[in-house]
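Below is one structure, written out as structure tokens, with a few remarks after it.
The values are calculated or read from the model by the stated rules, or taken from the named source; none is laboratory data. Owing to the predicted nature of the structure, the values given are computational and were not obtained by experimental measurement. Reconstructed Cβ throughout: ideal geometry from the backbone, glycine too, with neighbour counts over all protein chains shown. Side chains are part of the model used for accessible areas, which takes the heavy atoms of the whole protein and leaves out ligands, DNA and RNA. Shrake-Rupley method; radii C 1.70, N 1.55, O 1.52, S 1.80 Å.
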Amino acid sequence: MNDQSRRPAHAGHVTKSPWSPGSPSGANRWPRQTVASFDRYEDAERAVDRLSDLDFPVERVAIVGQGLQTVEQVTGKMNYGRAAWNGALSGAVPGVLVGWIFGLFNWVDPLITGLLLALYGLVFGAVLGAVIGVIVYALQRGRRDFASTVSMRPQRFEVVVDDEVADEAARLIGTEV
């Protein structure tokens, strides 16, 4: 990784942004200013760690993700078999947990009853989940023939601090060790 990618988008000077969160822990919310902006969370975290190492009052600092974007990563083609499998997996876990919890209420032999009901819950949850998965997929009538995972991620991370200490924080972040 080159030095250029580790440098903040801007650091060492204070900017007032139109939106900046107040101090979340206090009853009163004080205005805050952005003192640095980074492309990677690790770099913003490193800047706050540097402030901590230099005895800056880090309880007056926040890392704010800006420019959120939703990323939907396609994981494969969807069909009835995959819909049933995904539904079975989704139903099996809560089925096991519910069965096991109900089994623990048997005061005579809770271990055997808990394991047996957990097994029944696994089977029942998997079958019910598979049926529901297939029904939901069939109701979509081919409009969504793919499986995916969705995540959100910010485009940049801003280090914001309370107004009263913004100049000091910008100076500390901007200096090299």
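List of remarks:
- Each part gets one Cα centre, and for segment 112-177 versus segment 65-100 those centres are 10 Å apart.
- Computed extension gain for residue 45 through residue 115, at 0.36 nm per residue and net of the alpha carbon distance, reaches 20.7 nm.
- Per residue, segment 77-177 exposes 67 Å² of accessible surface when a 1.4 Å probe is rolled over the protein heavy atoms with every protein chain present.
- Sites listed here are trypsin sites (Lys or Arg not before Pro) in segment 76-177 whose DSSP assignment is loop and whose Cβ has at most 14 other Cβ atoms within 10 Å: 141, 143, 144.
- Rounded FRET efficiency, nearest 0.05, which uses the C-beta distance separating residue 104 from residue 151 and R0 of 45 Å: 0.80
- Taking all Cα pairs closer than 8 Å and separated by 6 or more residues, the relative contact order of segment 64-177 comes to 42 percent.
- Using every pair of distinct Cα positions in segment 81-177, the Kirkwood expression returns a hydrodynamic radius of 17.8 angstrom.
- Note on segment 120-177: percent of Cα-Cα distances in each 5 Å bin, starting at 0 and stopping at the bin with the largest distance, equals 4, 12, 11, 10, 9, 7, 6, 5, 5, 6, 8, 14, 3.
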